[in-house]
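First up is the structure itself, then whatever we jot down about it.
Bear in mind that the values in this text are calculations on the coordinates, not laboratory data. Predicted model only: the values in this text are computed from it and were never measured. Cβ sites come from the backbone with ideal geometry, for glycine too, and all protein chains shown count toward neighbours.
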Amino acid sequence: MKAVAIVIICLVLVIAGIYAVKVSNKSSDESTYLRIHIRANSNDTADQSVKYQVKENIVDFMTPALEGAKTKAEAMEILQNNIVAMKSVADATLAQNGYGYKSRVSLRKEEFPARTYGDLTLDSGVYDALIIELGSGEGDNWWCVVFPPLCFVSQDKDNVEYKSFFEELYHKITK
């Protein structure tokens with residue numbers, strides 16, 4: 001009977017430990033990641049299309065500034081210092097495409113559902129985020145992660161070096 005009680009206590013401790021790690025990881029996700037959401041005016045095809053043009057221009061504009069950010073706090077400071085400039089980029093993109101509405105840009109905490117970006121899944125929760133709303137901001141959004149950088153990284157393909165383990169092994173064997 002004593003052995004059964006010890007086994008039950010051990011199982012309870014293991015389950016509690018697993019739960020504590022999961023809760024700890026969730027709050028860590030929320031404090032680690034800085035998200036970006038660009039919300040279209042509506043789900044109309046034209047509004048969705050201009051949302052992607054705004055996204056391209058914002059990413060192109062902010063990538064050089066964010067490349068030096070080594071912490072989330074640094075990335076947030078860079079974004080905060082560029083809110084007016086990002087609004088100008090978004091508004092100029094809208095105007096160039098014939099849209100009469102403007103954008104709103106803010107850096108704030110906001111609740112998000114769970115989302116997957118490639119191999120990364122972010123749990124639902126409250127995250128720091130750069131929010132860019134186009135017009136009413138009621139349309140579908142484009143989202144990504146600003147920090148750690150998943151969207152705001154240099155796209156310079158000339159500096160990419162591809163390596164193959166098998167090719168290197170072949171060259172070692174045949175030398």
* Structure fact -> Rounded to the nearest 0.05, FRET efficiency between Ala92 and Ala46 (Cβ-Cβ, R0 22 Å) equals 0.80
* Simple label model, 7 Å out from Cα along Cβ direction - Lys70 to Lys109, nm -> 2.7
* To do: May I ask you to evaluate 6.51 cos²θ - 1.76 cosθ + 1.60, the Karplus curve with θ = phi - 60°, for each residue of the stretch 85-95 and list the ³J(HN,Hα) values in order in whole Hz, giving x for glycine and proline?
  => 5, 5, 4, 4, 4, 5, 5, 5, 5, 4, 5
* Asked: Each residue of the stretch 62-74 in turn: what ³J(HN,Hα) in whole Hz from Karplus with 6.51, -1.76, 1.60 and θ = phi - 60°, glycine and Pro shown as x?
  -> 8, 4, x, 5, 8, 4, x, 6, 9, 9, 4, 4, 5
* Structure fact -> Averaging 1/r across every pair of distinct alpha carbons in the stretch 73-116 and inverting yields a Kirkwood hydrodynamic radius, in angstrom, of 12.3
* To do: Would you mind calculating the gained length between Ile83 and Ser124 on full extension (0.36 nm times residue separation, minus the Cα-Cα distance), in nm to one decimal?
  => 12.2 nm
* Give, in whole angstrom and from largest to smallest, the semi-axes √(5λ) of the equivalent ellipsoid of the stretch 71-149, with λ running over the eigenvalues of the Cα gyration tensor. => 24, 16, 11
